[in-house]
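The values are calculated or read from the model by the stated rules, or taken from the named source; none is laboratory data. Computed from a predicted model, the values in this text were never measured in an experiment. Note: ideal-geometry Cβ built from the backbone for every residue, glycine included; neighbour counts use all protein chains shown.
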Number of protein chains: 2
Amino acid sequence: MLKIGEFSKLSHLTVKALRFYEKKGLLIPETVDEWTGYRFYETRQLEDAAKIKAYRQLDLSIDEIKAIMSGADAKVIFAEKAVALQSQREEIDVRLSIIKSILEDVNMKYQVTVKEIPSAIVYYAETTLEKYSDAMQFIPMCGEECRKLNPDLKCTNPPYEFCEYLDGEYRETNIRIRHSEAVEKTGRESELIKFREIPVTKVLSIFHKGAYEQIGEAYAFIMKYAEDNGYKPAGLARECYIDGIWNKESVDEWLTEIQLPIE
Amino acid sequence: MLKIGEFSKLSHLTVKALRFYEKKGLLIPETVDEWTGYRFYETRQLEDAAKIKAYRQLDLSIDEIKAIMSGADAKVIFAEKAVALQSQREEIDVRLSIIKSILEDVNMKYQVTVKEIPSAIVYYAETTLEKYSDAMQFIPMCGEECRKLNPDLKCTNPPYEFCEYLDGEYRETNIRIRHSEAVEKTGRESELIKFREIPVTKVLSIFHKGAYEQIGEAYAFIMKYAEDNGYKPAGLARECYIDGIWNKESVDEWLTEIQLPIE
DNA sequence: TTAGAGCATACCCTAAGGGGAGAGTCAATA
DNA sequence: TATTGACTCTCCCCTTAGGGTATGCTCTAA
């Protein structure tokens, strides 16, 4: 019969942990003095204690250990744990690779995040622009046309509006673009305006601040980032307009998000 | 001016997280309505939100992010984080290798744990045994001799008593052993009895239940385990007697721990 | 008999939010 | 104008695996 302190020294589990394990029903002292509440353990229980300690060192949770100790199939639990550990390992690898690229890169101008974009209904319109700045006429025009077709149709709040560049390559002229904007439901279509539902999408996202002249850098950055860190592009990048000439006077305050679908 | 829900959708941070970040002083809404308490954010703050989200995805803590955002040297923090992640990775690798060996091994008879043995003062005595069972005379004899030399010297509670086999190899006869037992302080020595302090030691530990005939299996197991999982033995294994003929009648209840110093 | 060590319970703490209750606010509709 | 439903607020409890501390009881040796 060992008092808790003695058992603690033999098992190399702290007294706190032993009391905690009792509370969780994992390792119950052989007897408990009815009057004083003193816990008494048997040397025999050192084996269970060792098991518990070994399993904790493998990072099994108390509940998992309890399951194993009460006869559950240990193989299954270990196999599950191995899978979980493996995916933890992969996550860590991704983080390490990102940190490494941050440390190497002198300019940490862009921060990349992974996001999940919920599904949405959008109206969209495609066209070919002679030059980029023509988008500034085209986009409001789409909005007007859509409102004309569907006077009661409302955009989402907050708005979600983006352009995709349909040419595979960079062009200075004759640029094919598709403009989309999220709305509450589908509506009447026209030659120009169509509706579709975009599915839930995982994206890499960065924000670009300032004028559009340097936005090419942002594209280059996110593409390189995806390649360096093992993300596979799964669609056209979306250029989302958050702040621009329509609400901010100073060009420095313009804000654009670039979302690159992945997986 | 965006309400918290709108900002949440744009930043892909939950409302809960945004309120939490405000509480922690990480991301303060641009204005807070004095009467209603409503938080209002600016689109400009999306950049900070993206940064925070990116850093959280790298598993930086709130405090680390706060340090970076308020101008601390990000390189240092990232470098530290990289080191931490690397060691996490190594831990996971060890666990995976152990789980793999458990899954492969049909007999999960032994559970190995890593322990830290605190330092202790021991008396010790060496001898050559003709056969193993002679230890049953030798060990109590050491105890008596020590008590004769040092009548007031007490053993630790709980006791810590072990044998080391000094021959590098397994022998059936002429076995050189050293027996040690932890005591409270040093004392008078004799030809047979010496004192020394054993330092803090990291060990692999397993428990062997039952008679000593099969204890060889346990040694084989722990040695293979050490090799398989990259632990380097750093000394002689200690055979610690917990339960035996002196306090348990049934052989099945005898309990011995084997501790293999590592690193 | 008394001091000191050991043991008991009980409460609070961790990191990063999640979940929910109860109450106030806002905007659109009847 | 009144109401309804969607948002928002604060406050409190919950998560893991125990650690720290306070207060009081018990045991053991001098």
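Within segment B:190-207, track down each residue that is surrounded by 14 or more Cβ atoms within 10 Å (Cβ to Cβ) and touching a Phe, Trp or Tyr at 6+ places or on another chain (Cβ under 8 Å).
If the condition is that a residue be surrounded by 14 or more Cβ atoms within 10 Å (Cβ to Cβ) and touching a Phe, Trp or Tyr at 6+ places or on another chain (Cβ under 8 Å), then B:Ile193, B:Lys194, B:Phe195, B:Leu204, B:Ile206, B:Phe207 are the ones that fit.
Kindly establish whether A:Ile92 is surrounded by 16 or more Cβ atoms within 10 Å (Cβ to Cβ), in contact (Cβ under 8 Å) with a residue 60 or more places away in the chain, in a helix (DSSP H, G or I) and more than 15 Å from DNA strand C (Cβ to nearest atom).
No; evaluated as a whole, the condition is false for this residue.
Being more than 14 Å from every other protein chain (Cβ to nearest Cβ), in contact (Cβ under 8 Å) with a residue 12 or more places away in the chain and assigned to a helix (DSSP H, G or I) is the filter here, so list the residues in segment B:22-44 that pass it.
B:Glu22
Quick grid of which residues meet (1) farther than 28 Å from B:Ile98 by Cα; (2) crowded, with 16+ Cβ neighbours inside 10 Å:
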residue: A:Thr14; (1), (2): no, no
residue: A:Leu26; (1), (2): no, yes
residue: A:Trp35; (1), (2): yes, no
residue: A:Leu46; (1), (2): no, yes
residue: A:Asp59; (1), (2): no, no
residue: A:Ala74; (1), (2): no, yes
residue: A:Ile77; (1), (2): no, yes
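Please work out if B:Arg176 is free of Cβ contacts under 8 Å to residues at least 60 places away in the same chain, in the same structural domain as B:Ile121 (by TED's automatic domain parsing), among the basic types (Lys, Arg) and within 27 Å of B:Ile215 (Cα to Cα).
yes
What residue, of B:Lys81, B:Lys194, is farther than 30 Å from A:Ile52 by Cα and within 14 Å of chain A (Cβ to nearest Cβ)?
That would be B:Lys81, the only listed residue that is farther than 30 Å from A:Ile52 by Cα and within 14 Å of chain A (Cβ to nearest Cβ).
Taking B:Leu58 and the conditions (1) more than 7 Å from chain A (Cβ to nearest Cβ); (2) within 20 Å of A:Asp93 (Cβ to Cβ); (3) aliphatic (A, V, I, L, M), which numbered condition does it fall short on, given that it satisfies the others?
(1)
Could you tell me whether any residue of segment B:208-219 is acidic (Asp, Glu), over 23 Å from A:Ser11 (Cβ atoms), part of a helix (DSSP H, G or I) and over 23 Å from the mean Cα position of the chain (by Cα)?
Looking through segment B:208-219, at least one residue is acidic (Asp, Glu), over 23 Å from A:Ser11 (Cβ atoms), part of a helix (DSSP H, G or I) and over 23 Å from the mean Cα position of the chain (by Cα).
When residues of segment A:232-247 are filtered for being on the phi < 0 side of the Ramachandran plot, part of a loop (DSSP other than H, G, I, E, B), touching a strand residue (DSSP E or B) at 6+ places or on another chain (Cβ under 8 Å) and without any contact (Cβ under 8 Å) to a residue 40 or more places away in the chain, how many remain?
Within segment A:232-247, residues that are on the phi < 0 side of the Ramachandran plot, part of a loop (DSSP other than H, G, I, E, B), touching a strand residue (DSSP E or B) at 6+ places or on another chain (Cβ under 8 Å) and without any contact (Cβ under 8 Å) to a residue 40 or more places away in the chain number 3.
Results for (1) within 12 Å of DNA strand C (Cβ to nearest atom); (2) touching a strand residue (DSSP E or B) at 6+ places or on another chain (Cβ under 7 Å), shown as yes or no for each residue.
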residue	(1), (2)
B:His12	yes, yes
B:Arg19	yes, no
B:Lys23	yes, no
B:Thr31	no, yes
B:Gly37	yes, no
B:Thr43	no, yes
B:Asp59	yes, no
B:Lys66	yes, no
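Please state which of the following conditions A:Arg19 fails to meet, knowing it meets all the rest: (1) more than 10 Å from chain B (Cβ to nearest Cβ); (2) assigned to a helix (DSSP H, G or I); (3) in contact with a Leu (Cβ under 7 Å, 6 or more places away or on another chain).
(3)
Sort out which residues of segment B:97-128 are assigned to a strand (DSSP E or B), within 13 Å of another protein chain (Cβ to nearest Cβ) and surrounded by 14 or more Cβ atoms within 10 Å (Cβ to Cβ), and write them in order of number.
Of all residues in segment B:97-128, those assigned to a strand (DSSP E or B) come to B:113-117, B:120-128.
Restricting the remaining residues to those that are within 13 Å of another protein chain (Cβ to nearest Cβ) gives B:113-117, B:120.
Answer for segment B:97-128, where residues must be assigned to a strand (DSSP E or B), within 13 Å of another protein chain (Cβ to nearest Cβ) and surrounded by 14 or more Cβ atoms within 10 Å (Cβ to Cβ): B:Thr113, B:Val114, B:Lys115, B:Ile117, B:Ala120.
Name, by its number, the condition in (1) away from DNA strand D (no atom under 15 Å from the Cβ); (2) on the phi < 0 side of the Ramachandran plot; (3) more than 10 Å from chain A (Cβ to nearest Cβ) that does not hold for B:Gly71.
Result: B:Gly71 fails condition (2) only.
As an exercise: evaluate B:Asp167 against (1) in contact (Cβ under 8 Å) with a residue 24 or more places away in the chain; (2) of a type outside the set (Gly, Ala, Ser); (3) assigned to a loop (DSSP other than H, G, I, E, B) and give the number of the one condition it does not meet.
(1)
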